[in-house]
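The values are calculated or read from the model by the stated rules, or taken from the named source; none is laboratory data. Keep in mind the model is a prediction, meaning the values are calculated, not measured. Here the Cβ positions follow ideal geometry from the backbone for every residue, glycine too, while neighbour counts run over all protein chains shown.
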Amino acid sequence: MQFVDVKNDIAFHKIFGNDNRKEALISFLNAVLFFNKEEKIVSVEILNPYQLPALKGGKVTIVDIKAKDKIGNQYIVEMQVAEIEDFDKRVLFYASKSYSSQIERGTDYQKLNPVFFIGILDFEITQNPRYLSRHKVYDMDTGENVIKDIEFNFIELPKFNKTEDELTTIIDQWVYFIKNAENLELTPTSVKDKGLKNAYEDASKFSWTTKELEAYDYFLMREQDIKGRWSLATKRALEKVEKEKAKLLKQKEKAEKALSRQKGKAEKELSKEKELAKKELAKEKELAKKQLAQEKELAKKELSKNTIKIAQSLLKAGFSLEDVQTHTQLSAEEIKKLDI
């Protein structure tokens, strides 16, 4: 490919932080902030100009682009490739610190100048469907903008999907450059803006020195190492989660088996108790049946004794054999055997 990846730390700083070619930064700032003709930025002072970092020894750091214009307005341009925790708080702290550091304690507040933060993000953070969003402090009822000095602008690269033929504005062309330059062979013919042309020239690998290319490759490898470490950490974390899940599943299965055994044992005990209760009930029924039979037998004997006494009394009273039969239901043979 002819062009470098603009999102790379070295490339980003070389293109936007070049103190000798400020047209690219000025053009980009004007494109993002939509300043009217009177407000347009014509010159800036880069507060942290591009310097090729040492690759060996010590900690390598490339800060984001900080600049101010002729009236004192400050601009922070940050390229953020990976989403980080509490990104919103860090951005707010960063911009607020730049704002408050303009004056010493006790100095007149009128000397404070606006701070414009521009975050170029390779991830999404807002619900706004547009790739460029602007954030200020507004009254939620009236929409009034009283607190004006800090403004946040976010370019969410994943939301930008325009092709070269669909680029209609200078900001479209800038975002297309930042997102796609590394995959291009030539500068798009639609590019007329001087600052953007300079950016394409600075992004061309043919304009880079050997040391700059080595630094560029080094930072590419460092980014890959960071991604690799993150990927490995994520993989290990997921493996740990899977192991914990397997362990919990095993414990659950063990508990379920124990519960199943207890349930089976309880069912057997209950079945045994039911069988014993059934046998006990059968015994009680049999005993009750025998007692009832005995009582019936006794009652029958008692009834027979009373019937004989009645028959004897009737015979003594002179009743005929037929009458005694009728009143006692005894047979003639039974009556004849009676001792009168």
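Among the residues of the range 204-214, how many are within 21 Å of residue 180 (Cα to Cα) and in contact (Cβ under 8 Å) with a residue 24 or more places away in the chain?
5
For residue 171, only one of the following conditions fails: (1) of a type in the set (A, V, I, L, M, F, W, C); (2) touching a helix residue (DSSP H, G or I) at 6+ places or on another chain (Cβ under 6 Å); (3) in a strand (DSSP E or B). What is its number? Here residue 171 meets the rest and fails (3). In the range 109-121, the residues that are farther than 30 Å from residue 157 by Cα reach residues that are of a type outside the set (Gly, Ala, Ser) and assigned to a helix (DSSP H, G or I) with C-beta atoms within less than 7 angstrom, at least six apart or across chains, in these pairs: 112/99. Against the conditions (1) buried (at least 16 other Cβ atoms within 10 Å of the Cβ); (2) not in a helix (DSSP H, G or I), residue 107 satisfies every one except (1). Of all residues in the range 7-29, those satisfying the criterion of being touching a residue at least 60 places away in the same chain (Cβ under 8 Å) and either farther than 19 Å from residue 211 by Cβ or charged (D, E, K, R) (or both) are 7, 9, 14, 16, 21, 23, 24, 25, 26, 27, 28, 29.
Taking the listed residues 213, 220, 232, the one that is at pLDDT 85 or above, outside the structural domain of residue 13 (by TED's automatic domain parsing) and part of a helix (DSSP H, G or I) is 213, with no other qualifying.
Each row is one residue, and each column tells you yes or no for (1) exposed (fewer than 15 other Cβ atoms within 10 Å of the Cβ); (2) of a type in the set (Asp, Glu); (3) not assigned by TED's automatic domain parsing to the domain that holds residue 29.
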{"position": "111", "(1), (2), (3)": "yes, no, no"}
{"position": "122", "(1), (2), (3)": "no, yes, no"}
{"position": "145", "(1), (2), (3)": "yes, no, no"}
{"position": "151", "(1), (2), (3)": "no, yes, no"}
{"position": "157", "(1), (2), (3)": "no, no, no"}
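Within the range 9-40, restricting attention to residues that are of a type in the set (S, T, N, Q) and within 20 Å of residue 154 (Cβ to Cβ), the residue that is surrounded by the fewest Cβ atoms within 10 Å (Cβ to Cβ) is 30. Just one of the listed residues (144, 156) is modelled with pLDDT of 95 or more and of a type in the set (D, E, K, R), and it is 156. For beta carbons closer than 8 Å, sequence separation of 6+ or different chains, a first residue in the range 170-183 that is under 15 Å from residue 203 (Cα atoms) and a second that is assigned to a helix (DSSP H, G or I) and among the hydroxyl-bearing types (Ser, Thr, Tyr), the qualifying pairs are 174/27; 177/200; 181/200.
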